[in-house]
Amino acid sequence: MNPTDVMASGLAAPEISVWHMFWNASFVVKFVMLGLLAASVWCWAIIIDKTLLFNRTRKAMDRFEEVFWSGQSLEELYRMLNERQTSTMAAVFVAAMREWKRSFEGAGRSVMGLSQRIDKVLDVTINREVERLESKLLVLATIGSSAPFIGLFGTVWGIMTSFRSIAASKNTSLAVVAPGIAEALFATAIGLFAAIPAVIAYNKLQAEAAKQQARLEGFADEFSAILSRQIDERIAA
């Protein structure tokens, strides 16, 4: 046999496909890979859900502001919204109007401190709506910060396993070392695959949540000023 053929056959690169790397990895590395893939799927589910939620919320606030500033009576708007399940800006409006009506339409009128009570109701409602908007975003932050280290753990474990195999076989050729190292590094690649979209999406969604929170607080301040003027007019009358 030609010596060149012998060297070529001895140095033939083994198969290093994605499936081959996963299947030949140790149990611990497989567990890490599967966990990171599950985390990646979870991240994308949250990203899609939150993107759709923020789009719906933004459109709902646009529609509500258009109706609110159209000159429609506050009483009519309250009666229309009170019978529905409201959220974001409409929920803030309904909560404030409900406190307003309780104070003026109850058995005993309780006008003293009404402005402070309305402000507290507005703050509580805004906090509740912001909490709904920001729910599950912490999952993205957690996965984004921890996934690379989990993948690195799988890599370290895989390299340790490869070194033990090298020591047992007493063969340090690249053809023997490369597959094990590639399988180990694959865990880090999956960790980055899960972490990078999670970090980017968390920053983008957190900024969107802060923008919508500022919009809610701005409306609450304007509506509180409107109700405060009406309270002063009623007291003066």
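The values are calculated or read from the model by the stated rules, or taken from the named source; none is laboratory data. Values in this document were obtained by computation on a predicted structure and should not be read as measured data. Ideal geometry is used to build each Cβ from the backbone, glycine not excepted, and the neighbour counts take in all protein chains shown. Note: areas computed on protein heavy atoms with side chains; ligands, DNA, RNA excluded. Shrake-Rupley method; radii C 1.70, N 1.55, O 1.52, S 1.80 Å.
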* Structure fact -> Once Phe31 and Glu217 are pulled to full extension, the length gained, defined as 0.36 nm per residue separation minus their Cα-Cα distance, is 62.4 nm
* Listed here are the pairs Lys120/Lys211; Lys101/Lys211; Lys50/Lys211; Lys101/Lys136; Lys30/Lys50; which of them are more than 26 Å apart at the Cα? -> Lys101/Lys211; Lys101/Lys136; Lys30/Lys50
* Asked: Sorting Glu65, Glu83 by accessible area (1.4 Å probe), largest first, what list results?
  -> Glu83, Glu65
* Which length gain, in nm to one decimal place, applies between Gln116 and Ile181 when the Cα-Cα distance is subtracted from 0.36 nm times their residue separation? -> 16.9 nm
* To do: Provide the per residue accessible area, probe 1.4 Å, for the range 24-155, rounded to a whole number of square angstrom.
  => 56 Å²
* **Note, ³J(HN,Hα) from phi for the range 205-222, Karplus 6.51, -1.76, 1.60, rounded to Hz, x at Gly and Pro** => 5, 5, 5, 5, 5, 5, 5, 5, 5, 4, 5, 5, 5, x, 5, 4, 5, 5
* Structure fact -> For Ala38 and Ser135, extending 7 Å from Cα along the Cα-Cβ vector and measuring point to point gives, in nm, a value of 2.2 nm
* Asked: How high is the FRET efficiency from Ala167 to Ala189, r the C-beta distance, R0 22 Å, rounded to 0.05?
  -> 0.25
* Structure fact -> Stretched fully, the stretch from Glu105 through Arg63 gains (0.36 nm per residue minus C-alpha distance, one decimal, in nm) 12.2 nm
* To do: In whole Hz, with x marking every Gly and Pro, tabulate ³J(HN,Hα) for the range 57-62 from phi via Karplus 6.51 cos²θ - 1.76 cosθ + 1.60, θ = phi - 60°.
  => 5, 4, 5, 5, 5, 4
* To do: Using θ = phi - 60° and the Karplus relation 6.51 cos²θ - 1.76 cosθ + 1.60, list the HN-Hα couplings for the range 76-81 in order, rounded to whole Hz, with x at every Gly or Pro.
  => 5, 5, 5, 4, 6, 7
